[in-house]
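Here, each number is a calculation from the coordinates, and none is a lab measurement. Computed from a predicted model, the values in this text were never measured in an experiment. Cβ placement follows ideal geometry from the backbone for every residue including glycine, while neighbour counts extend to all protein chains displayed.
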Amino acid sequence: MSASSSLIIFFHGIGASGAQLMPLATDWRERLAGARFEAPDAPFSHPYGHQWFRVDANPMAADNIRCARDGFDRTVAEIIKRHDFNDRHDRVAFVGVSQGAIVALDAVATGRWQVGALVSFAGLLAPMPISHQSKQTKVLLVHGKDDRTIPSMASSMAAGQLKRAGFAVDLEIMPAVGHTIAPAGAERALHFLQTSLG
């Protein structure tokens, strides 16, 4: 890929921070030479860090996810403007984990962001009508088969939702992996970005 003209934006999980995902950027930097990386903090506070949307009795309620959209969009728009990618959204990739994957999937599925590629680690897509506006975004869903926080079936269901809307989707269910980014999953995502943004 022409990495000097790509922007990789990471979205962390609940109660975490962007800095916790920067080691992944460090690992990828050599093989995506010149790529720009950003890992913002989610806009809402959490007792242990930050969050993209509140968690209550139903942590995956669609209303909660909808309430996250303004904060997510402001965060992404600021990063894209700062790196001068306003006219190059096809050179932008979203990489989210857990709650960060949920809001990244929502951003693409609703058609709000038409980026070049999306990697979801241990995420889910709330039941919703899927917009066709972003169907050129290539999607990789990576999920641990032993995930007890968000079962891997969530990514299987998301793959079906997106494929029915015309998206190109790769699904990777990883055996003996829980709610985390395993080294093999990170390697799979790196290869996906190299080919998808090439």
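Considering only DSSP beta bridges whose two residues both sit in the chain, what percent are antiparallel, to the nearest 5?
Around 15 percent of the beta bridges assigned by DSSP in the chain are antiparallel ones.
Looking at segment 136-198, which trypsin sites (Lys or Arg not before Pro) are in a loop (DSSP not H, G, I, E or B) and have at most 10 other Cβ atoms within 10 Å?
Loop-located and lightly packed - Arg148.
Run the numbers on the chain and let me know its relative contact order in percent, using alpha-carbon pairs under 8 Å that are six or more apart.
Averaging sequence separation for qualifying contacts and normalising by length gives 19 percent for the chain.
Compare Thr149, Thr180, Thr137 in a GNM of the chain, Cα atoms joined below 10 Å, and give the one with the largest fluctuation.
Thr149
Are there any GluC sites (Glu not before Pro) in segment 10-117 that are in a DSSP loop and have at most 16 other Cβ atoms within 10 Å? List them by number. Could you put the intermediate results ahead of the total?
Values: sites: Glu30, Glu38, Glu78; in loops: Glu30.
Those satisfying the criteria are Glu30.
Describe numerically, in nm with one decimal, the distance between label points set 7 Å from Cα along Cα→Cβ at Asp146 and at His132.
Inter-label distance under the simple model: 4.3 nm.
For segment 124-163, what is the convex hull (Cα atoms) projected area averaged across all directions, in square nanometres? Mind showing how you got there, number by number?
Details: hull surface 11.8 nm².
The orientation-averaged projected area of the Cα hull of segment 124-163 comes to 2.9 nm².
What translational diffusion coefficient, to the nearest whole µm²/s, does segment 3-196 have by Stokes-Einstein, given a Kirkwood radius computed over alpha-carbon pairs, a temperature of 10 °C and 1.306 mPa s viscosity?
On the way: Rh = 16.3 Å.
Value of D from the Cα-based Kirkwood radius: 97 µm²/s.
First select every other residue whose beta carbon is under 14 angstrom from the beta carbon of Arg31; then total the charges, Lys and Arg +1, Asp and Glu -1. Kindly include the intermediate steps, with their values, before the conclusion.
Values: positive: Arg29, Arg188; negative: Asp27, Glu30, Glu187.
Local net charge: -1.
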